[in-house]
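Student: Okay, handing you the structure first.
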Amino acid sequence: MAVSVANSRVIYDALKASGVRMLSALPETWLVHLIRMAEDDAEMTLVRLAKEEEGVGISAGAHLAGVKSAMLMQNHGFLASINGIVSCAQLYRIPLLMLISHRGSFGERDPWQTEGGAVTAALLDTLRIPYESLDDPGVVARRVAQAQTLATASNKPVALLLTRDLMVEEDSGAGAKAGGR
Amino acid sequence: MTRADALRSIYPALVDRVVITIMGAVAAELQSLGHRPNFFYLQHAMGLASSMGLGVALARPELPVVVLDGDGSVLMNLGGLTTLARYRPRNLVHIVFDNESLLSVGGFPTATSTGSDLAALAAAAGVPRTVTVRSLDAFAREFDAAVAARDLTTIVAKVEAVGPSAYVTDLALLENRFQFQRYLAGRR
């Protein structure tokens, strides 16, 4: 398994084009290139988190201070952030853009990722957070821009699910590399 | 030292600063001294006031930011101390009112009542300046020193476990939020 550098670049460029200048992130396998791109970009403030929920507060502060931001996290990080999403971002109407790697979906080899994958979409629905899956690099730029537009117009959280098809170039099956967290 | 007296002692210095508070007694007591558009009260999301302060401080390094935190909230986001220290916003003063209890929900004792030392935790997390104060004089002095030092500082103020008679104020949450955003936009 190799994480797609090319598609990570497409996502990163789309975030930049939509005005994002601060990214808070907690690493996981699928996000490594995105985080490195943020690290290497002098125009981007990268905030490495201890736990994802912090990112909700950081994005809320950045938004009120006039800087567009986004969160990069695994779906388990989204699970860990839910109180912050509800009692900060939703309560205070923060246009929180979340890019969530959708681990535990079809093709998942890591047994420990499988429970989270099964509940992610249902929780987004329950929280009434609009979301789309990103699986085709050809539509990433448009979807990211649309997500940003909706977040801004609604003053609410919006999510993009980063799918296996987009993030992973499947190898020949020479052994599954264990994913993060 | 009461938290209300501590707030009163630094209130004149807060007038021109960006202030983010936690919920409950801190928010109500600061409002009772006089609400200002540069004050934001995070009335829920316990633990995230310091993260919001970090977001504002990183987004606007030219603005002086004060976070008014509490022991219960810091204990909910101890990892946030390491993030705060990692990015070391020099424009942020982090004040933790430590009454050793969860006052607004019945006064149950927190772990600081059995010896957990929040200033030591902040120092161990990498916050460059940390101090614990137990008197009004020391609190006001350390606040001035933190402002003068222009470096990330955590001041843990040991305060009595007393609060206001009511926590809900006339200021609507969203009114506060949009007013605060406009204030920050106006400080460009």
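Student: Within the range B:160-169, is even one residue out of contact with any helix residue (DSSP H, G or I) (no Cβ under 8 Å at 6 or more places or on another chain), within 14 Å of another protein chain (Cβ to nearest Cβ) and farther than 24 Å from B:ALA120 by Cα?
Tutor: No: zero hits.
Student: Check off (1) under 30 Å from A:ARG93 (Cβ atoms); (2) touching a Leu at 6+ places or on another chain (Cβ under 9 Å) for B:THR153 and give me the number that stays unchecked.
Tutor: For B:THR153, the failing item is (1).
Student: Let me ask another. Find the helices (runs of 4 or more DSSP H) located wholly in the range B:1-70 whose residues include 3 or more that are buried (at least 17 other Cβ atoms within 10 Å of the Cβ) and more than 14 Å from chain A (Cβ to nearest Cβ), and list them. Let's see the steps before the verdict.
Tutor: Details: elements: B:3-14, B:25-34, B:49-59.
Where helices (runs of 4 or more DSSP H) fall fully within the range B:1-70 and carry at least 3 residues being buried (at least 17 other Cβ atoms within 10 Å of the Cβ) and more than 14 Å from chain A (Cβ to nearest Cβ), they are B:3-14, B:25-34.
Student: Only residues in the range B:71-97 that are within 18 Å of B:THR114 (Cβ to Cβ) count as the first member; pair them with residues that are aromatic (Phe, Trp, Tyr) and not in a strand (DSSP E or B), Cβ under 6 angstrom, at least 6 apart or cross-chain, and list the lot.
Tutor: Once the first residue is within 18 Å of B:THR114 (Cβ to Cβ) and sits in the range B:71-97, no partner that is aromatic (Phe, Trp, Tyr) and not in a strand (DSSP E or B) comes close enough.
Student: Does B:THR82 count as over 22 Å from A:GLN90 (Cβ atoms), within 11 Å of chain A (Cβ to nearest Cβ) and at pLDDT 95 or above?
Tutor: So B:THR82 fits the description; yes.
Student: Got a sec? Which of B:PHE108, B:PHE180 is touching a strand residue (DSSP E or B) at 6+ places or on another chain (Cβ under 9 Å), farther than 16 Å from B:ASP69 by Cβ and exposed (fewer than 13 other Cβ atoms within 10 Å of the Cβ)?
Tutor: Within the list B:PHE108, B:PHE180, the selection yields B:PHE108.
Student: Scanning for something closer than 30 Å to A:ARG93 by Cα, buried (at least 16 other Cβ atoms within 10 Å of the Cβ) and touching a residue at least 12 places away in the same chain (Cβ under 8 Å), does the range B:123-131 turn up at least one residue?
Tutor: no
Student: Could you grab me the full set of residues in the range B:141-188 that are closer than 27 Å to B:ARG86 by Cβ and touching a Pro at 6+ places or on another chain (Cβ under 8 Å)?
Tutor: Across the range B:141-188, the qualifying residues are B:VAL147, B:ASP151, B:LEU152, B:THR153, B:PHE180.
The values are calculated or read from the model by the stated rules, or taken from the named source; none is laboratory data. Note that the structure is predicted; figures quoted are calculated from it, not measured. With ideal geometry, Cβ positions are generated from the backbone for all residues, glycine too; neighbour counts draw on all protein chains shown.
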